[in-house]
Amino acid sequence: MPFLPCLNTSTIRPAPLVDKINAAAQAGFRAIEPWNDDVDIYVKQGGTWEALQALLRERALVVPSVIAIMGWIGCADAERDAQRVEAIRRMEQAVALGAPHIVASPPGGAVDLDRAARDYREILQLGKERGIRPSMEFLGFVEQINNINAAWEIVQRAGDPDGTIVIDWFHMVRGQASTIVDLRRLPAERISIVHLDDVPYQKPFGQMSDSDRVYPGEGNIPLAEMFAALREMGYTGAVSLELFNAQYWAEDPYAVARTGFEKSKRWFDLG
């Protein structure tokens with residue numbers, strides 16, 4: 001497998017973290033991408049770090065990335081100290097799970113790119129001090145940082161070789177401004193993780209939401225073209241199945257993880 005098969009826990013969101021880990025392993029995934037919220041709930045309900053780390057080892061699952069640092073990029077000066085504390089807390093959680101990366105989400109509105117680059121540069125430094133690399137994300141439904149070029153511009157302006165970018169097929173489509181050409185321009189080693197998903201083209205791109213995501217192959221995203229580009233670029237990192245479908249959430253999480261793996265295998269097996 002040229003890519004590391006990973007399950008993003010949003011795919012089976014209602015399940016407890018322990019079930020998510022067990023479901024991912026039983027389905028055949030070799031990695032899991034949890035959310036900080038998963039860990040917060042697990043700890044609040046009495047779970048221990050020792051037990052969580054032991055379970056990941058027993059299930060032979062690595063954690064390539066955690067989601068996410070939110071609210072830091074472009075935050076107001078008055079919120080900066082509190083947001084920095086929260087960003088550090090989330091990074092330290094990810095480090096405890098052995099993750100080399102944590103996603104850094106963009107703001108919902110417009111942001112000055114130099115300001116965003118300054119913010120990103122600061123959390124990169126905070127990450128270095130803790131042994132983790134925050135990775136800049138674009139989200140197709142936000143006002144400005146909704147495409148590859150916008151996120152990559154922040155990474156470049158930050159001027160730190162540890163800067164990386166998250167790639168997500170749905171957000172490339174939803175943002176309407178990312179192309180395969182843009183993807184191919186990226187150095188493969190500067191991509192932290194790729195989020196795998198699909199969506200039917202049954203509504204205008206601008207009206208699509210995360211909940212419209214479906215299993216790979218059940219929508220209209222040109223996955224073959226996108227994965228061919230990854231291979232040609234030399235990307236060999238994690239490919240993480242990330243869905244937010246309420247129908248799947250209502251089903252047995254173990255069954256959803258198995259179906260997700262089966263639907264994703266052809267992409268994990270490319271090469």
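The values are calculated or read from the model by the stated rules, or taken from the named source; none is laboratory data. Just so you know, these numbers come straight off a predicted model, no measurement behind them. Here Cβ is always computed from backbone atoms with ideal geometry, including for glycine, and neighbour counts include all displayed protein chains. Remember, those area values only see protein heavy atoms, side chains included, never the ligands or the DNA or RNA. Shrake-Rupley method; radii C 1.70, N 1.55, O 1.52, S 1.80 Å.
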Exercise for review: Please grab the % of Cα pairs in the chain that end up more than 25 Å from each other.
Suggested key: 42 percent
Check your understanding: When the scattering of the range 93-148 is computed by the Debye formula from its Cα atoms alone, each counted once and equally, what is log10 I(q)/I(0) at q = 0.13, 0.16, 0.23 Å⁻¹?
Key -> -0.36, -0.52, -0.89
Point to revise | Accessible-area composition of the range 193-254, carbon plus sulfur, in percent [1.4 Å probe] | key: 48 percent
**Study point:** Inter-centroid distance (Cα atoms) of the range 149-175 relative to the range 196-271, Å
**Key:** 20 Å
**Study point:** Of all DSSP beta bridges in the chain, antiparallel share, percent nearest 5
**Key:** 5 percent
**Study point:** Label-point separation in nm, ARG115 to LYS128, each point 7 Å along Cα→Cβ
**Key:** 2.5 nm
Study note, to complete from the structure: In whole percent, the fraction of accessible protein surface over the range 1-154 that belongs to carbon or sulfur atoms, probe radius 1.4 Å, stands at 52 percent
Check your understanding: Computed over the Cα atoms of the range 163-271, what is the ratio Rg over Rh, Rh following Kirkwood?
Key -> 0.96
Check your understanding: Could you give the nm distance between label points at ALA250 and GLN53, where each point is 7 Å from its Cα heading toward the beta carbon?
Key -> 4.1 nm
Point to revise | At least 18 Å along the helix axis (C-alpha) and Kyte average at least -1.0, DSSP helices within the chain | key: 80-96, 113-128, 253-268
Revision key, fill the gap. The range 45-156 -> Rg/Rh from Cα coords, Kirkwood Rh, value 1.02
Study note, to complete from the structure: Counting only protein heavy atoms and rolling a 1.4 Å probe, one gets per residue an accessible area for the chain in Å² of 40 Å²
Check your understanding: What number, rounded to the nearest 500 deg cm²/dmol, is the helix-based mean residue ellipticity at 222 nm of the chain, given -39500 (n - 2.57) per DSSP H run of at least four residues and division by all its residues?
Key -> -13000 deg cm²/dmol
